[in-house]
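Notes follow once the structure below has been shown.
Values in this text are rule-based calculations from the coordinates and carry no lab data. Please read these numbers as outputs of a predicted model, since none were measured by experiment. All Cβ positions, even for glycine, are placed from backbone atoms using ideal geometry, and neighbour counts span all protein chains on display.
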Amino acid sequence: MKKFLTSAALLIVSAMVLSSCSSGVSASGYKTGLGIVTSTASSVAPTADKAGKAQVDSTIAVVTLDGGGKITKCSLDVAQTAIAVDAAGQLTPPADPVKSKQEKGANYGMKKASSIGKEWNEQADAFAQWCIGKTVDQVAGLKVKNVDKETGVPDIPELSSSVTVSSTSFIAAIQKAVANAK
């Protein structure tokens, strides 16, 4: 009888866990979502004089939301793949494995060109940290400006000293992640 009761209790607990997972909310009330937005805007067609490139930039966001819809965790990254294309349309894939911008870290090389002296991953991490405690609507409502060729640069005091990269794709990926949260 004791084995039966133990087995029955385990089945009930398992059913509760499975039902909470299938409803999209974990037993703790938190939900996690993944969002990816992709752009080919940096691609350049080859000409007779100059090689081009087929480039895909995929911005990835992973967010965790509490029961009230506020972001409790946020991670951002970009997978940037560029393949050379010659005038004849011949593709030359990268010789080395492609690393994401977070994986490249300091080797990405933005720090020396950054007006605030921060590398890409530092800026992405600062933006992700800024999202903590906010709803997706608050993140989407971020005031942005255009700087040089960049569009969507944050235009609020708490981010202007830590983020000078375009945040438009961050916001779009976060919106998708929240929409996909389960």
Work from the charge dipole of the stretch 78-164 (Cβ charges, +1 for Lys and Arg, -1 for Asp and Glu, about the Cα centre) and give the residue of Pro94, Pro154, Gln80 farthest towards its positive end. Pro154
Sorted by mean Cβ packing within 10 Å, highest first, what order do the peptides 130-143, 160-173 take? 160-173, 130-143
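Can you tell me which of 73-85, 53-65, 93-105 comes out highest on packing, and rank the rest after it, using the mean Cβ neighbours within 10 Å?
Sorting 73-85, 53-65, 93-105 by mean packing, highest first, produces 53-65, 73-85, 93-105.
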Integer Hz, Karplus 6.51/-1.76/1.60 couplings in order for the stretch 112-122, x for Gly and Pro: 5, 9, 7, 5, 10, x, 10, 6, 4, 5, 5
Using a Debye calculation, one point per C-alpha and no hydration shell, please list log10 I(q)/I(0) for the stretch 19-111 at q = 0.10, 0.19, 0.26 Å⁻¹ in order. -0.45, -0.94, -1.24
Surpassing 27 Å at the alpha-carbon level, of the pairs Lys101/Lys176; Lys53/Lys143; Lys31/Lys145, are Lys53/Lys143; Lys31/Lys145
For the stretch 49-182, just list the percent of Cα-Cα distances falling in each 10 Å bin from zero outward, please. 12, 37, 32, 15, 4, 0
